[in-house]
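Notes follow once the structure below has been shown.
The values are calculated or read from the model by the stated rules, or taken from the named source; none is laboratory data. Computed from a predicted structure; not experimentally measured. Please note: Cβ atoms are built from the backbone with ideal geometry, for glycine as well, and neighbour counts cover all protein chains shown. For the accessible areas, the whole protein counts, side chains as well, though only heavy atoms, and no ligand, DNA or RNA atoms are used. Shrake-Rupley method; radii C 1.70, N 1.55, O 1.52, S 1.80 Å.
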Amino acid sequence: MTPAELLIDAFDRVRDGAFAVVDGLTEDQLAHRVTPDANSIAWLVWHAYRVQDDHIADAAGLQQVWAARGFIEFFDLDLDEDDTGFGHTSAQVARVRAPADLLARYVEEVHAQTVAWVGGLKEADLDWVVDTSWEEPVTLGVRLVSVVNDITQHIGQAAYVRGLLGGHVSV
(Lines give C-alpha, C1' and ligand atoms only; values in the text may rest on other atoms or scores of the structure.)
Protein backbone atom coordinates (compact mmCIF):
# COMPACT_ATOMS: atom_id res chain seq x y z
CA MET A 1 0.00 0.00 0.00
CA THR A 2 1.36 3.40 -0.94
CA PRO A 3 1.08 6.44 1.34
CA ALA A 4 -1.51 7.89 -1.08
CA GLU A 5 -3.59 4.69 -0.91
CA LEU A 6 -3.40 4.73 2.87
CA LEU A 7 -4.58 8.35 3.03
CA ILE A 8 -7.40 7.68 0.56
CA ASP A 9 -8.56 4.75 2.67
CA ALA A 10 -8.67 7.03 5.74
CA PHE A 11 -10.61 9.73 3.88
CA ASP A 12 -12.99 7.06 2.47
CA ARG A 13 -13.77 5.75 5.94
CA VAL A 14 -14.58 9.18 7.33
CA ARG A 15 -16.74 9.98 4.30
CA ASP A 16 -18.66 6.72 4.79
CA GLY A 17 -19.18 7.65 8.45
CA ALA A 18 -20.48 11.10 7.48
CA PHE A 19 -22.98 9.52 5.08
CA ALA A 20 -24.15 7.10 7.78
CA VAL A 21 -24.60 9.91 10.30
CA VAL A 22 -26.88 12.06 8.13
CA ASP A 23 -28.74 9.23 6.37
CA GLY A 24 -32.48 9.32 6.99
CA LEU A 25 -32.48 12.30 9.34
CA THR A 26 -34.78 15.27 8.91
CA GLU A 27 -33.46 18.81 8.80
CA ASP A 28 -34.83 19.35 12.33
CA GLN A 29 -33.01 16.26 13.60
CA LEU A 30 -29.80 17.39 11.93
CA ALA A 31 -30.17 20.82 13.58
CA HIS A 32 -31.03 19.43 17.04
CA ARG A 33 -28.73 20.58 19.84
CA VAL A 34 -28.63 18.37 22.93
CA THR A 35 -27.99 21.45 25.06
CA PRO A 36 -28.62 25.07 24.06
CA ASP A 37 -24.99 25.71 23.08
CA ALA A 38 -24.03 22.26 21.79
CA ASN A 39 -23.03 21.59 18.20
CA SER A 40 -25.66 20.01 15.98
CA ILE A 41 -25.08 17.12 13.60
CA ALA A 42 -25.49 19.52 10.67
CA TRP A 43 -22.88 21.89 12.05
CA LEU A 44 -20.43 19.08 12.90
CA VAL A 45 -20.61 17.53 9.42
CA TRP A 46 -20.56 20.92 7.70
CA HIS A 47 -17.56 22.06 9.77
CA ALA A 48 -15.62 18.82 9.26
CA TYR A 49 -15.89 19.13 5.50
CA ARG A 50 -15.31 22.89 5.45
CA VAL A 51 -12.00 22.21 7.22
CA GLN A 52 -11.10 19.41 4.79
CA ASP A 53 -12.13 21.56 1.82
CA ASP A 54 -10.12 24.56 3.07
CA HIS A 55 -6.96 22.67 4.02
CA ILE A 56 -6.81 20.39 0.99
CA ALA A 57 -7.55 23.19 -1.49
CA ASP A 58 -4.86 25.33 0.12
CA ALA A 59 -2.23 22.58 -0.03
CA ALA A 60 -3.21 21.55 -3.56
CA GLY A 61 -3.49 25.06 -4.94
CA LEU A 62 -7.13 24.42 -5.87
CA GLN A 63 -10.28 26.45 -5.41
CA GLN A 64 -12.46 25.24 -2.56
CA VAL A 65 -15.50 23.16 -3.49
CA TRP A 66 -17.50 25.45 -1.17
CA ALA A 67 -17.27 28.40 -3.58
CA ALA A 68 -16.32 26.73 -6.86
CA ARG A 69 -19.35 24.45 -6.97
CA GLY A 70 -21.94 26.79 -5.48
CA PHE A 71 -22.26 25.30 -2.01
CA ILE A 72 -21.83 28.71 -0.43
CA GLU A 73 -25.13 29.66 -2.13
CA PHE A 74 -26.84 26.30 -1.56
CA PHE A 75 -26.25 26.49 2.20
CA ASP A 76 -27.05 30.25 2.33
CA LEU A 77 -25.44 30.76 5.76
CA ASP A 78 -24.47 34.43 5.42
CA LEU A 79 -20.85 33.63 6.26
CA ASP A 80 -17.61 34.79 4.71
CA GLU A 81 -16.41 32.54 1.90
CA ASP A 82 -13.40 31.41 3.93
CA ASP A 83 -15.38 30.65 7.12
CA THR A 84 -14.83 27.04 8.20
CA GLY A 85 -16.59 27.24 11.55
CA PHE A 86 -13.54 27.76 13.77
CA GLY A 87 -14.59 29.95 16.68
CA HIS A 88 -18.27 29.96 15.80
CA THR A 89 -20.60 31.39 18.40
CA SER A 90 -23.69 29.51 19.51
CA ALA A 91 -25.80 31.71 17.22
CA GLN A 92 -23.59 30.88 14.22
CA VAL A 93 -23.82 27.15 14.99
CA ALA A 94 -27.61 27.47 15.09
CA ARG A 95 -27.66 29.01 11.59
CA VAL A 96 -26.15 25.87 10.03
CA ARG A 97 -29.30 24.08 8.95
CA ALA A 98 -29.37 21.85 5.90
CA PRO A 99 -31.15 18.77 4.61
CA ALA A 100 -29.27 15.48 4.67
CA ASP A 101 -28.95 15.33 0.88
CA LEU A 102 -27.23 18.74 0.73
CA LEU A 103 -24.80 17.78 3.48
CA ALA A 104 -24.09 14.46 1.73
CA ARG A 105 -23.51 16.19 -1.63
CA TYR A 106 -21.03 18.59 -0.07
CA VAL A 107 -19.26 15.72 1.71
CA GLU A 108 -19.04 13.75 -1.55
CA GLU A 109 -17.72 16.62 -3.65
CA VAL A 110 -15.08 17.60 -1.09
CA HIS A 111 -14.13 13.94 -0.81
CA ALA A 112 -13.87 13.57 -4.60
CA GLN A 113 -11.59 16.59 -4.91
CA THR A 114 -9.50 15.35 -2.00
CA VAL A 115 -8.92 11.80 -3.25
CA ALA A 116 -8.31 12.96 -6.82
CA TRP A 117 -5.46 15.14 -5.58
CA VAL A 118 -4.15 12.80 -2.84
CA GLY A 119 -4.14 9.92 -5.34
CA GLY A 120 -1.43 11.67 -7.33
CA LEU A 121 0.90 12.26 -4.40
CA LYS A 122 4.24 10.54 -4.18
CA GLU A 123 5.93 9.58 -0.92
CA ALA A 124 8.45 12.44 -1.25
CA ASP A 125 5.58 14.97 -1.52
CA LEU A 126 4.66 14.30 2.10
CA ASP A 127 7.85 16.07 3.25
CA TRP A 128 6.94 19.30 1.44
CA VAL A 129 6.52 22.18 3.92
CA VAL A 130 3.04 23.65 3.48
CA ASP A 131 2.90 26.01 6.48
CA THR A 132 5.79 27.90 8.00
CA SER A 133 3.67 29.87 10.49
CA TRP A 134 4.18 27.24 13.22
CA GLU A 135 7.30 26.96 15.38
CA GLU A 136 8.01 23.66 13.65
CA PRO A 137 7.01 24.04 9.99
CA VAL A 138 4.13 21.79 8.95
CA THR A 139 4.74 19.26 6.19
CA LEU A 140 2.08 18.01 3.82
CA GLY A 141 2.11 14.62 5.55
CA VAL A 142 1.49 16.21 8.94
CA ARG A 143 -1.26 18.43 7.49
CA LEU A 144 -3.05 15.48 5.89
CA VAL A 145 -2.92 13.43 9.07
CA SER A 146 -4.17 16.48 11.00
CA VAL A 147 -7.13 16.83 8.62
CA VAL A 148 -8.01 13.14 8.93
CA ASN A 149 -7.79 13.39 12.72
CA ASP A 150 -9.97 16.51 12.85
CA ILE A 151 -12.71 15.24 10.56
CA THR A 152 -12.74 11.84 12.27
CA GLN A 153 -13.35 13.50 15.62
CA HIS A 154 -16.17 15.67 14.29
CA ILE A 155 -17.93 12.82 12.52
CA GLY A 156 -17.56 10.74 15.69
CA GLN A 157 -19.18 13.56 17.67
CA ALA A 158 -22.01 13.73 15.12
CA ALA A 159 -22.53 9.95 15.43
CA TYR A 160 -22.75 10.36 19.21
CA VAL A 161 -25.40 13.06 18.86
CA ARG A 162 -27.31 10.84 16.43
CA GLY A 163 -27.19 8.07 19.03
CA LEU A 164 -28.67 10.45 21.60
CA LEU A 165 -31.53 11.05 19.15
CA GLY A 166 -32.17 7.31 19.16
CA GLY A 167 -30.57 6.44 15.83
CA HIS A 168 -27.79 3.87 15.83
CA VAL A 169 -25.02 4.48 13.35
CA SER A 170 -21.86 2.52 12.75
CA VAL A 171 -18.89 4.72 11.77
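The value of relative contact order for the chain, using C-alpha pairs under 8 Å at least six residues apart, is 38 percent.
What's the local net charge at residue 100, with K and R +1, D and E -1, over the other residues with C-beta under 14 Å away?
-2
Computed over the chain, the per-residue total of -39500 (n - 2.57) for DSSP H runs of n ≥ 4 gives a 222 nm mean residue ellipticity of -19500 deg cm²/dmol, rounded to 500. A simple spin-label model places the labels of residue 134 and residue 92 2.2 nm from each other, with each point 7 Å out along Cα-to-Cβ. Accessible surface of the chain, 1.4 Å probe: 51 percent of it comes from carbon and sulfur atoms.
In plain terms, the chain from residue 81 to residue 28 could stretch by 16.6 nm, reckoned as 0.36 nm per residue minus the Cα-Cα distance. Full extension of the chain between residue 164 and residue 68 gives 31.1 nm of extra length, using 0.36 nm per residue less the Cα-Cα distance. What you get for the chain, charging only the Cβ of Lys and Arg (+1) and of Asp and Glu (-1), is a dipole of about 560 debye around the Cα centre.
For the chain, take N as its residue count and report Rg(C-alpha) divided by 2.2 N^0.38 Å.
In units of the 2.2 N^0.38 Å rule of thumb, it is 1.02.
Counted by Cβ distance under 12 Å from residue 2, the other residues give a net charge of -3, where Lys and Arg count +1 and Asp and Glu count -1. Between the alpha-carbon centres of region 108-142 and region 49-77 there is a gap of 16 Å. With protein chains left intact and a 1.4 Å probe, residues in the chain average 51 Å² of accessible area per residue.
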